[in-house]
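Undergrad: Okay, handing you the structure first.
The values are calculated or read from the model by the stated rules, or taken from the named source; none is laboratory data. Note that the structure is predicted; figures quoted are calculated from it, not measured. Positions of Cβ are backbone-derived with ideal geometry, glycine not excepted, and every protein chain shown enters the neighbour counts. Accessible surface is based on the protein model in full, side chains and every heavy atom, while ligands, DNA and RNA are left aside. Shrake-Rupley method; radii C 1.70, N 1.55, O 1.52, S 1.80 Å.
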Amino acid sequence: MLIKPIQRIQKYPILIKDILRKTTDDDTRSVLSTFLEKVKVFVESLNRRKEEKEEQQKIDGIKERIESYCVLPSVGNNTNEQINQILNKYNKFDLADKVPLLNTQRKFLHETSCKLDSKMDSKTQDVTLFLFSDHILITRPNKGAKKKNRIIKQPLTLDRVEIEELSYASHTNVVVYLNEYGSLVDMFLLQSNSQESHQTLLNAIIQAKDNYKREKNKLYTDMDASKSVSTCSMNSAGNQQRQQHQQRQQRER
């Protein structure tokens, strides 16, 4: 029901442009031009909020299909209560949270079923892979009464993921996960059900990884620029204070 009003609002810039083309009075044209720019900004804001709402609905839908993530699914009954309290503060993961550091809305990009080989022993398990704008989530279908997918690996941050095709295995990728020092943390094989799904997954991960790294690099560049401006301002203020001090000394003499 909300779509039609939004669609009507999106047509307003077109209508204003038509009126503007048929208007000859300079004062009226100036008013219409200003109004047109404001309407454009409003429509862009409306579209952005609509997209964010749709993305949030996608994330919420996936959350409903996945069990709550626990790094330590169970701790012994003999575990100290204080230790339990400490662990519970960090033993969590919420897909609805903002992307760390970037503080942007997380986006769902791709979902596929494939086989996971973690021990290189050809014993695979069926998994469902979810690709988001900042990480990869690997889950296993739960055959129990809950029938929710269970997360079986830690969320894999995209800028620490390396993925390559294997030449000796059909539509199979080797996935390597690195820590912040560039050292190997985990590795496993992902075998897709077909060459088409294999290539689609590979391309999706590469593109998502490039976009994520670009956004992080942009953030770091903006932070460096802001820091540089702040440093220049502080230096300028310091120089001004030194000049004022020297002038006071000269007057006192």
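Undergrad: So LEU101 passes all but one of these: (1) aliphatic (A, V, I, L, M); (2) touching a Lys or Arg at 6+ places or on another chain (Cβ under 9 Å); (3) assigned to a helix (DSSP H, G or I). Which condition number does it fail?
TA: (3)
Undergrad: Out of THR124, THR112, which single residue is modelled with pLDDT of 95 or more, touching a strand residue (DSSP E or B) at 6+ places or on another chain (Cβ under 9 Å), of a type in the set (Val, Ile, Thr) and open to solvent by 10 Å² or more (accessible area, probe 1.4 Å)?
TA: Working: THR124 fails: modelled with pLDDT of 95 or more.
So the residue among THR124, THR112 that is modelled with pLDDT of 95 or more, touching a strand residue (DSSP E or B) at 6+ places or on another chain (Cβ under 9 Å), of a type in the set (Val, Ile, Thr) and open to solvent by 10 Å² or more (accessible area, probe 1.4 Å) is THR112.
Undergrad: Looking at the stretch 147-159, I want the residues that are over 17 Å from VAL174 (Cα atoms) and open to solvent by 30 Å² or more (accessible area, probe 1.4 Å) and have a partner that is in a helix (DSSP H, G or I) and of a type in the set (Asp, Glu) with Cβ atoms under 7 Å, at least 6 apart or on another chain. Which pairs are those?
TA: none
Undergrad: Every residue in the stretch 186-222 that is over 22 Å from the mean Cα position of the chain (by Cα), of a type in the set (A, V, I, L, M) and over 18 Å from ASP126 (Cβ atoms), please.
TA: MET187
Undergrad: Among the residues of the stretch 164-201, count how many are of a type in the set (Ser, Thr, Tyr), in a helix (DSSP H, G or I) and open to solvent by less than 40 Å² (accessible area, probe 1.4 Å).
TA: In the first step, residues of the stretch 164-201 are kept if they are of a type in the set (Ser, Thr, Tyr); the result is 167-168, 170, 172, 177, 181, 183, 192, 194, 197, 200.
Okay, now just the ones that are also in a helix (DSSP H, G or I), so 197, 200.
Narrowing the set further to residues that are open to solvent by less than 40 Å² (accessible area, probe 1.4 Å) leaves 197.
The total comes to 1.
Undergrad: Any idea which of ALA225, ALA204 is of a type outside the set (Ser, Thr, Tyr) and either open to solvent by less than 50 Å² (accessible area, probe 1.4 Å) or at pLDDT 95 or above (or both)? Can you show your working first?
TA: Details: ALA225 fails: either open to solvent by less than 50 Å² (accessible area, probe 1.4 Å) or at pLDDT 95 or above (or both).
The match here is ALA204.
Undergrad: Hey, another quick one. For the stretch 112-124, name all the residues that are on the phi < 0 side of the Ramachandran plot and without any contact (Cβ under 8 Å) to a residue 24 or more places away in the chain. Quick ask: steps written out before the conclusion?
TA: Keep residues of the stretch 112-124 that are on the phi < 0 side of the Ramachandran plot, which gives 112-119, 121, 123-124.
LYS119, ASP121, LYS123 - these are the residues of the stretch 112-124 that are on the phi < 0 side of the Ramachandran plot and without any contact (Cβ under 8 Å) to a residue 24 or more places away in the chain.
Undergrad: Just checking: which of the helices (runs of 4 or more DSSP H) contained wholly in the stretch 1-76 hold 1 or more residues that are at pLDDT below 85, in contact with a helix residue (DSSP H, G or I) (Cβ under 9 Å, 6 or more places away or on another chain) and under 30 Å from PHE108 (Cβ atoms)? It would help to see each step written out before you state the result.
TA: Numbers: elements: 3-10, 12-21, 26-65.
Once the helices (runs of 4 or more DSSP H) in the stretch 1-76 are filtered for at least 1 residues that are at pLDDT below 85, in contact with a helix residue (DSSP H, G or I) (Cβ under 9 Å, 6 or more places away or on another chain) and under 30 Å from PHE108 (Cβ atoms), what remains is 3-10.
Undergrad: Please state which one of ALA204, ALA208 is part of a helix (DSSP H, G or I), within 30 Å of GLU52 (Cβ to Cβ) and in contact with a His (Cβ under 6 Å, 6 or more places away or on another chain). Spell out how you get there, then give the answer.
TA: Values: ALA208 fails: in contact with a His (Cβ under 6 Å, 6 or more places away or on another chain).
The conditions single out ALA204.
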